[in-house]
Amino acid sequence: MSIKKLPLIAATAMLAGLVTACTSFAPVYGDRPASGAQDIRFNFAAPDSRFEQIILDRLKLAFPGEAGPDDPVLDLVASTDHPPRSISNAYPVARPINVRGQATVTIKQGKQVLFEATRFADSAYQSGKLTPVDLASAQGAQENVAEGVAESLRAAVLAGYRPGP
C-alpha cells in the first residue's frame, strides 16, 4: 500500500465513523412523553347498529386498556349512504354502486365533551347480478367502509385527544 492512499483511507474511516455515530434505531415518535396511546382508556357506549358495532370493535382493539368508572365514555354515531352513481350507461350490467360510511366519535367526561371528530370512507360494489350476490357484495362493501372509518377515527383520536392527568 502506498503512502498516497493512507490519507484517503483515514478520511473514509473517519467519515464512516461519523455517519455511524449520527444514526440511531429510535422510533420516529420515540421522544414523545409517556402520555401516549398506552394511557388512553375508554368506556365504550353500546352500538345502535351493525355498522357501529364493527367500528366500535375496531376501536376496542386500538384502545385495549381496561377502563375504570372515572374514565371517559366514547360514543359513536354512524350512518351509511349511497352517493349518486355514475350517469354513464356504457355498462348496462354490473354498474358500480357507491357506499359512503360516516361516523362521529364523541369522548365525554360526564357532560363535558373532551373530543369530537367526524370521518368518512367510501367504497363501491358492482350490482346487477343475482340477488344473493348483490346482498353479499353490499354487505362486504359496508364492512370495508366501516373498517376504513374506524381507522380514520383511531388516527383522529391519537392525533387530537390527550387524556387528563
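The values are calculated or read from the model by the stated rules, or taken from the named source; none is laboratory data. Computed from a prediction, not measured in an experiment: that's the story for all the values here. Here Cβ is always computed from backbone atoms with ideal geometry, including for glycine, and neighbour counts include all displayed protein chains.
Within the stretch 133-155, can you find the residues that are surrounded by 15 or more Cβ atoms within 10 Å (Cβ to Cβ) and within 14 Å of the chain's Cα centre (by Cα)?
N144, V145, A146, E147, G148, V149, A150, E151, S152, L153, R154
Among the residues of the stretch 81-105, write down those that are among the polar types (S, T, N, Q) and at pLDDT below 90.
Initially, the stretch 81-105 is screened for residues among the polar types (S, T, N, Q), giving 86, 88-89, 98, 102, 104.
Result: S86, S88, N89, N98.
Kindly indicate whether S2 is at pLDDT 65 or above, over 20 Å from A117 (Cα atoms) and in a loop (DSSP other than H, G, I, E, B). Give the derivation first.
Details: at pLDDT 65 or above: yes; over 20 Å from A117 (Cα atoms): yes; in a loop (DSSP other than H, G, I, E, B): yes.
The answer is yes for S2.
Starting from the stretch 105-120, keep only residues that are touching a residue at least 60 places away in the same chain (Cβ under 8 Å), then list their pairs with residues that are part of a strand (DSSP E or B) whose Cβ atoms are within a distance under 7 Å, requiring at least 6 positions of separation or different chains.
Listed pairs, sorted by first residue: I107/L74; I107/L114; I107/F115.
Could you look through the stretch 106-127, keep only residues that are surrounded by 13 or more Cβ atoms within 10 Å (Cβ to Cβ), small (G, A, S) and at pLDDT 85 or above, and pick out the one that is nearest to the chain's Cα centre (by Cα)?
A121
List the residue pairs whose Cβ atoms are under 9 Å apart, where the first residue sits in the stretch 1-26 and is loosely packed, with under 10 Cβ neighbours inside 10 Å, the second is at pLDDT 80 or above and part of a helix (DSSP H, G or I), and the two are 6 or more positions apart or on different chains.
What qualifies is M1/I9.
Going through L130, L158 one at a time, which residue ends up being surrounded by fewer than 17 Cβ atoms within 10 Å (Cβ to Cβ) and under 22 Å from I54 (Cα atoms)?
Numbers: L130 fails: under 22 Å from I54 (Cα atoms).
Result: L158 is the single residue among L130, L158 that is surrounded by fewer than 17 Cβ atoms within 10 Å (Cβ to Cβ) and under 22 Å from I54 (Cα atoms).
Identify, please: which residue in the stretch 123-165 is outside any helix (DSSP H, G or I) and hydroxyl-bearing (S, T, Y) and is, among those, nearest to G101 (Cα to Cα)? Talk me through it step by step, then tell me what you get.
Restricting attention to the stretch 123-165, the residues satisfying the condition of being outside any helix (DSSP H, G or I) are 123-130, 161-165.
Applying the additional criterion that residues be hydroxyl-bearing (S, T, Y) yields 123, 125, 127, 161.
Values: S123: 9, Y125: 14, S127: 18, Y161: 22 Å.
My answer is S123.
I'm trying to understand the selection: among the residues of the stretch 48-68, which are within 16 Å of R154 (Cβ to Cβ), without any contact (Cβ under 8 Å) to a residue 60 or more places away in the chain and part of a loop (DSSP other than H, G, I, E, B)?
Answer for the stretch 48-68, where residues must be within 16 Å of R154 (Cβ to Cβ), without any contact (Cβ under 8 Å) to a residue 60 or more places away in the chain and part of a loop (DSSP other than H, G, I, E, B): P64, G65.
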